[in-house]
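One structure is given below, encoded as structure tokens.
Throughout, read-outs are computed from the coordinates displayed, never taken from laboratory work. As the structure is a prediction and not an experimental result, all values here were calculated from the model. Methodologically, a virtual Cβ is constructed for each residue, glycine included, from the backbone with ideal geometry; neighbour enumeration extends over all protein chains shown.
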Amino acid sequence: MKSNKWKERKDIVYSTNPDFKYDYEATENQQVTIEPGKQKLKVYMDSKARSKGKQATVINGFVGTEEDLKELAKLLKTKCAVGGSIKDQEIIIQGDFRDKVVQILSSQGYKATKL
């Protein structure tokens with residue numbers, strides 16, 4: 001199958017320079033996940049900007065890779081038995097589960113505060 005490496009190019013549309021070589025390694029996310037004990041996560045409820053004023057629990061302050069953020073979100077959604085998503089480095093859990101989320105995060109070693 002043909003490689004679609006051109007799809008990985010960010011911030012460049014077209015170059016007229018015939019000697020231009022795109023540097024793929026420089027654009028990769030070099031972020032490293034901080035260990036759970038050093039992370040300070042904030043857990044709060046948000047109903048603004050939601051359809052029909054529905055409640056959502058938002059967790060922000062996570063510092064790490066996208067894969068680790070997705071893994072943490074999956075754990076929280078599974079333990080709370082609800083849906084959710086990730087948007088702008090924030091985990092959004094459907095419903096008001098602040099107490100349960102803080103408890104789960106604390107059991108995983110994170111420093112979580114409920115706002």
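Some values worked out for this structure:
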read-out	value
Amide proton proximity set for LEU41, modelled H, under 5 Å, gap of 5+	LYS111, ALA112, THR113
Relative contact order of region 30-114, pairs being alpha-carbon contacts under 8 Å that are 6 or more residues apart, as %	37 percent
Bridge type composition, region 30-114 - antiparallel percent by DSSP, nearest 5	70 percent
Under the Karplus curve 6.51 cos²θ - 1.76 cosθ + 1.60, θ = phi - 60°, whole-Hz ³J(HN,Hα) for region 100-110, x wherever Gly or Pro sits	5, 5, 4, 5, 5, 5, 5, 5, 8, x, 7
FRET efficiency for GLN103 and MET45, using Cβ-Cβ distance with R0 set to 25 Å, rounded to 0.05	0.95
Order of LEU75, LEU69 - criterion: other Cβ atoms within 10 Å of each residue's Cβ, fewest first	LEU75, LEU69
Interchain or long-range residues, amide H under 5 Å from VAL63's placed H	ILE34
